[in-house]
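Here the structure comes first, spelled out in structure tokens, and everything after it is commentary.
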Amino acid sequence: SYINQGSNWLWFDGNDPNAPYVKDERIRQAMSMAMDRDALTDLAYDTKKLKASGLAVKEEWNNLIGAGWGRWWLDPKGGKAGDGAKFFKYDPAEAKKLLSAAGYTDNKPFEVTYQYTANRYSKNFNDSAEAALAMINAVGVKTVTDVQDYSSKYITQTFVGNFKGLAFGLETGFGDVGSYPIRLFTDNPINHGKVNDPVLKKLTADQQVELNDEKRVAIFHEMQRY
């Protein structure tokens with residue numbers, strides 16, 4: 001019955017504003033549509049076996065805010081997450097079309113370094129990282145894999161955004177929902193992708209000073225739709 005407040009993440013580095021994945025949102029959207037979230041959930045948690053055993057298993061998808069946050073979270077499958085919800089759907093054919101529209105084809109594939117750590121978390125995490133990589137490759141992305149030591153490289157460089165390419169990792173479960181946008185959308189030193197968006201910065205600042213609970217929830221919903 002417990003839904004974790006943390007989540008798995010894919011993120012590009014944001015160090016070079018001229019990098020194709022920073023300039024062209026279609027590349028980022030394609031990576032999202034390449035992800036079979038239900039398959040990844042089953043891989044990590046054996047949800048099909050649990051359901052076959054008669055257990056009521058929830059298979060909710062994390063948004064910017066994890067599903068474990070309840071009313072703060074907008075379900076990408078629930079019809080209230082806005083136009084961007086379509087990019088959560090597993091659609092490898094559409095992912096290929098997005099890459100093609102961005103100028104990448106079978107003859108000229110999008111190339112990127114894919115990095116994660118394999119000596120810190122569980123076998124479930126490692127399996128998920130490798131499965132996500134296979135899904136990316138399946139839509140025509142050409143990757144070089146960098147499996148990193150956690151202490152000497154991943155947590156000191158990749159996790160804090162000092163890398164180049166695409167990374168797979170975990171985001172922790174915080175005690176307050178506001179910690180996610182503060183980390184991910186401000187000048188926080190652990191802004192993984194160095195995201196610098198004025199709308200997200202303003203929404204993050206707004207939620208920090210909003211004392212009305214319902215209004216603060218609404219800010220988080222706006223953030224996820226945006």
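The values are calculated or read from the model by the stated rules, or taken from the named source; none is laboratory data. Just so we're clear, the structure is a prediction, and the values are computed from it rather than from any experiment. Note that each Cβ is placed from the backbone with ideal geometry, even for glycine, and that neighbours are counted across all protein chains shown. The protein model used for the area step is the full one, side chains on, heavy atoms only, and it has no ligands, DNA or RNA in it. Shrake-Rupley method; radii C 1.70, N 1.55, O 1.52, S 1.80 Å.
Residue 62 sits among other residues whose Cβ lies under 11 Å from its own Cβ, and their net charge, with Lys and Arg +1 and Asp and Glu -1, is -2.
What FRET efficiency, computed as 1/(1 + (r/R0)^6) with R0 = 45 Å and r the Cβ-Cβ distance, is obtained for residue 111 and residue 215, rounded to the nearest 0.05?
0.50
Coupling constants for the stretch 23-31 follow from the phi torsions by the Karplus curve (6.51 cos²θ - 1.76 cosθ + 1.60, θ = phi - 60°), and in residue order they are 6, 10, 5, 5, 5, 5, 5, 4, 4 Hz; glycine and proline get x.
Apolar share of the accessible surface for the chain: 50 percent from carbon plus sulfur atoms, 1.4 Å probe.
The mean accessible area for residues of the chain, using a 1.4 Å probe and ignoring ligands and nucleic acids, is 53 Å² per residue. Annotation: amide H of residue 113 within the under-5 Å range of 144, 166, sequence separation 5 or more or interchain, hydrogens built in the peptide plane. Pairs exceeding 22 Å between alpha-carbon atoms, taken from 97/164; 23/164; 164/194; 97/123; 23/80; 77/164: 97/164; 97/123; 23/80; 77/164.
Counting only protein heavy atoms and using a 1.4 Å probe, the accessible area of residue 55 comes to about 100 Å². Here the relative contact order of the chain, from alpha carbon pairs under 8 Å that lie six or more residues apart, stands at 29 percent. Here is the list for the stretch 148-196: chymotrypsin sites (Phe, Trp or Tyr not before Pro) lying in DSSP coil, each with at most 16 other C-beta atoms within 10 angstrom of its C-beta, are 174. Of all DSSP-defined beta bridges confined to the chain, some 40% are antiparallel rather than parallel. Paramagnetic label reach from residue 226 (point 7 Å along Cα→Cβ; backbone nitrogen cut-off under 15 Å): within the stretch 179-199, residues 180-187, 195-199. Available extension along the chain between residue 46 and residue 197 is 50.6 nm, counting 0.36 nm per residue and deducting the alpha carbon span. When nucleic acids and ligands are ignored and a 1.4 Å probe is applied, residue 23 ends up with an accessible area of around 140 Å². Applying both filters, DSSP loop and at most 16 other Cβ atoms within 10 Å, to the trypsin sites (Lys or Arg not before Pro) of the stretch 95-162 gives 120. The mean of 1/r over all distinct Cα pairs in the stretch 68-109, once inverted, gives the Kirkwood hydrodynamic radius of 12.3 Å.
Of the chymotrypsin sites (Phe, Trp or Tyr not before Pro) found in the stretch 1-40, the ones in coil according to DSSP and having at most 11 other Cβ atoms within 10 Å of their Cβ are 2. On full extension, the segment bounded by residue 80 and residue 53 gains 6.5 nm, given 0.36 nm per residue less the C-alpha separation.
For residue 26, the accessible area of its heavy atoms, probed at 1.4 Å with every protein chain present, is near 80 square angstrom.
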